[in-house]
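First the structure, in the form of C-alpha cells, and then the observations on it.
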Amino acid sequence: MTKPTEGRRRVIIEGVEPQVDSGRFPAKRVVGDRVTVEADIFTDGHDRISAVLLFQKEGEEGWNEVPMVPLDNDRWEGSFALKELGRSVFTIEAWVDHYLTWHGDLKKRVAAGQDVTLQLVIGARMIASATSRAEGSDRASLLEAARLLESDASIESRLERVYREDLLALMTRNADRSMATRFSRELTIVADPPRARYSTWYEMFPRSAGAPGTHGTFRDVEARLSYVAGMGFDVLYLPPIHPIGMAFRKGKNNSTTSQPGEPGSPWAIGGADGGHTTIHAELGTMDDFSHLVRAAAERGMDVALDIAFQVSPDHPWVKEHPEWFLMRPDGTIQYAENPPKKYEDIYPFNFETEDWEELWKSLCDVFLFWVDKGVRIFRVDNPHTKALPFWEWAIGEIKAKHPEAIFLAEAFTRPKVMYYLAKAGFTQSYTYFAWRNAKWDLTEYFTELNEPPVRDFFRPNVWPNTPDILTEQLQYGSRPAFMCRLVLAGTLSASYGIYGPAYELGEHVARHHGSEEYMDSEKYEIRQWDLDNPDSLRDFIARVNRIRRQNPALQSDHSLRFHETSNEQILCYSKNTEDHANVIVTFVNLDFHNTQTGFADLDLEALGLRPDQTFQVHDLLSDARYTWHGPRTFVELNPHIVPTHIFSIQRERRTEKDYEATI
C-alpha cells in the first residue's frame, strides 16, 4: 500500500456541489448568477478548519478566492459571481487552522477562570511565525501584536489585543496553508446568456407566410414579426430554410409520391442550388435573411434556425463525399429508416466513416457559417441519431469562439441519452411534457428536472405541440386543453414554445385515429392561416407571456414547488424569487370537460409566508383579487370559462399606525 505524499494534510473534502458526473461535464448557469458551492469539509479531532473557494475564468492565470463558511454538520458554503460568458473553473482548499483553534480555546479558558499566561506565549509565537508569510503593513502589525503578547503588559491588555477583529483578519489573511488539502479536481461552470434560462419560442414555416396561392418569403415573415412579438415571443424559430431535394420528394400528408408543384419537406435538405449553407431560392436571398434577423432584433427577438444533419439525394455532398454515407450491396446509398417507416427522401450520415474527421469539421462549419450571418440560436433536429461524441466536440468548438450561442436539442429519446446530450453541451432540451398529463406524472417529472443533479446540467424547454406532435389531449380536449397546456408550459418551465399558427388557431385534426401527425401537415405543403380568426387564442397567449415577462419568479425553474390538493384533477404549484419578493401560485384544471373543485394545502414557508399571515392574491389572468389566511384554500375551475388561475401573492402591508397599535 502506498503512503500519501504528505500525511500531515488532515482535512478531508468531499461531496462538492455542483458537479456533474464527478466533474466530467460542466454545470450550467447564466451570466450574472452567483454560483453557490457546497462541500463536506472535516478533519479528525476538534481542531478548527478554514476553507476557501478558488475560482478563475478558464485559461486565466492565478486564482481568485473567497472564504467559505460552515453551515451545519460539516457542510460548508461559498459563492462567486459569473461576470462573463463562457467557462469558469473552481476548486476548494481547506486546512487545519491552528491559530483559530487556539483562539477559540483561549476564550474557553478565560471563561473558566484559568491562567492563560502560557497560552498567550503560544499565541504570540503563532503570530510571529505568520510574519514570514506577510508583507508590508500586515507584517508590521503582526510583529507589534506578537511583541505585545510576549511582553509584561497586563493579561487584560494582551487579551484585548487578541480579541480585536483586525488581528483575527490579519491571521486569516496570512494563515499557514502549508498543509492545506486541495480538492482533487477543478470543476467547471459554463455561463450562458440569460436567454438560455428564460425564453419563449414561436415556430412557423416561412413558406406559409405569404398571400394565398403564393410561396412565402423572408419579407413575408418580416411582415409577421409584429404579430409574433405582439404575443410576447422572443425567439422566432424557423424550420430548415435550405434548398429542398427533388428526388423521392414527399407529397401531401407524407405521400411517397409528390404532385407537380408540391414543395416537399424542408428536412430533405439540398438540391442543385446547394446544401446546408444555401437558402431555398423561393424564400429569398441571403441579404433578405440578414434583414429579417436585424428586423427581429429590433423587436427584441432572436431568429433560431433548425439545423438538421441529413441530406436529400440531391445534396451536393452526396456526389462530393459519397464516403460520408452508408453504401448498400447494390451500390445505392442507404436512406433513413425506422422500420417499418421509410424516408426515401433523406440520407443519414455514416458517423463511422473512415473520413469522420472531415465530416465532423464540415458539419461544425455549418454552424459557424450561420453564426457569421447573425444567428446565435440553433434548434438541432434529432441529435440523438448522430454520434454523441461529435456534439461534445462541435459545441465545445463553437462556444469557445461564440459563448453566446444557444443549442436546443430536439431529442425525444431515452432519458439517459437525452441527459447525456445536455451534459455534452446542449443548452436546452425538449422534454416529455407533451405526454405528461396526470397530476402525479407532471409532479414526478418536473420534480426530477428541478432537483440535483439533473437541474445542474439539464434545462427544459417544453412544447405542448410541434409539427410532429399533436397529442390526444389537443385532438379531443377542445379550447380548454389548448389554454391549460399553454399555461402549464409557460409556468412550469422558464422556457417553452409553440408551433404556430396551428396552436393559437386550435388545429386539432389528426391524419388518422391513433396518429399524432396533423392532417394536411405543414411539413409537406404550404398552408394558409386565418390569423384574424375571432376564436384565436392570440390574446390569451399574449396575456400569459406578459405575465411571464412581468414576474421574475417564472423566469427560472429551481424554485418550483408542488402543493397538495384534495382533487387529483387540480394541479397546484408555485415559483418564487430567492427573496420572495415575487411569488406565483398556479392552479390548473386537468379535466378539460368538467368543472372541478377542491382544497389546496399551501406550503406557506415555501411561499415566504408566516402561518398566521393574512395575504392577498391577485389572479393575473382574470384580474380578480382575494384575501386568504392560512394554508388551506378552496378553488373552483370551470374549463369553459377560465380553466386555470395564475395568482401573484400580495403580502399584507402594515402601516406605521398598525405597528403603533401593537406596542
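The values are calculated or read from the model by the stated rules, or taken from the named source; none is laboratory data. All of these numbers come straight from a predicted model, not from anything done at the bench. Glycine also receives a Cβ, built like all others from the backbone with ideal geometry; neighbour counts cover every protein chain displayed. Accessible surface areas use protein heavy atoms only, side chains included; no ligands, DNA or RNA. Shrake-Rupley method; radii C 1.70, N 1.55, O 1.52, S 1.80 Å.
Considering only Cα-Cα distances, which of the following residue pairs are longer than 25 Å: Lys252/Lys342; Lys28/Lys416; Lys423/Lys523; Lys319/Lys401? Pairs exceeding 25 Å: Lys423/Lys523; Lys319/Lys401. All Cα-Cα separations within region 66-205 were binned at 5 Å from zero, giving a P(r) of 2, 8, 14, 15, 13, 11, 10, 7, 5, 4, 3, 2, 2, 1, 1, 1, 0, 0, each value a whole percent of the pairs. Given R0 = 56 Å, the distance between the Cβ atoms of Ala272 and Asp441 translates into a calculated FRET efficiency of 0.70. Here the spin labels are modelled as points 7 Å beyond Cα on the Cα-Cβ line, and at Tyr476 and Glu448 they lie 2.5 nm apart. Highest mean packing first, where packing is the average number of other Cβ atoms within 10 Å per residue, the peptides 99-108, 140-149, 183-192 line up as 183-192, 140-149, 99-108. The share of accessible area on the chain that comes from carbon and sulfur is 49 percent, using a 1.4 angstrom probe. Averaged per residue, the chain has 46 square angstrom of accessible surface, using a 1.4 angstrom probe with ligands and nucleic acids left out. What's the long-distance tail for region 311-352, i.e. % of Cα pairs beyond 17 Å? Within region 311-352, distances greater than 17 Å cover 25 percent of Cα pairs. When Rg and the Kirkwood Rh are both derived from Cα coordinates, the Rg/Rh ratio for region 190-235 amounts to 1.14. The chain gives an Rg/Rh value of 1.07, both radii derived from C-alpha positions and Rh following Kirkwood. Using a probe of 1.4 Å on the protein chains alone, the accessible area found for Tyr198 is around 40 Å².
With R₀ set to 30 Å, the beta-carbon distance separating Ala223 from Asp468 gives a calculated FRET efficiency near 0.65. Counted residue by residue at 0.36 nm each, then reduced by the alpha carbon distance between them, the extension gain from Arg543 to Thr117 reaches 146.0 nm. Based on C-alpha pairs under 8 angstrom that are at least 6 apart in sequence, region 379-446 has a relative contact order of 34 percent.
Which value at 222 nm does the chain reach when only helices count, each DSSP H run of 4 or more adding -39,500 (n - 2.57), with the total divided by all residues and rounded to the nearest 500 deg cm²/dmol?
On the way: 17 runs with 181 residues, N = 663.
After summing the helix terms and dividing by residue count, I get -8000 deg cm²/dmol.
The modelled label-to-label distance for the pair Arg651/Ala624, using points 7 Å beyond Cα in the direction of Cβ, is 2.7 nm.
Taking 0.36 nm per residue of separation and subtracting the Cα-Cα distance, what length does fully extending Ala140 through Asp105 add?
Taking Ala140 through Asp105 to full extension adds about 10.0 nm, to one decimal.
For region 400-475, the alpha carbon positions stretch 44, 30, 19 Å along the principal axes, listed from largest to smallest. For region 541-615, the average shadow cast by the Cα convex hull is 6.0 nm², which is a quarter of the hull's surface. Entry note, region 46-202: relative contact order of 27 percent, from Cα contacts under 8 Å with a spacing of 6+ residues.
With R₀ fixed at 35 Å, the C-beta to C-beta distance from Asp40 to Ala400 puts the FRET efficiency at about 0.60. Calculate how many DSSP beta bridges within the chain are antiparallel, expressed in % of all such bridges and rounded to the nearest 5. If we restrict to bridges inside the chain, about 75 percent are antiparallel. Starting from the Cα of Trp63, step 7 Å toward the Cβ, then list every residue of region 182-208 with an amide N under 11 Å from that point. Flagged as within label range: 182-187.
More than 23 angstrom separation, counting every C-alpha pair in region 217-312; what % is that?
32
Multiplying the residue separation of Arg125 and Asp372 by 0.36 nm and subtracting their alpha-carbon distance yields 82.6 nm.
Between Ser255 and Asp72, the simple label model (points 7 Å from Cα in the Cβ direction) yields a spacing of 6.8 nm. Size of region 449-516: Rg and Dmax of its alpha carbons, in Å, are 13.6, 41.
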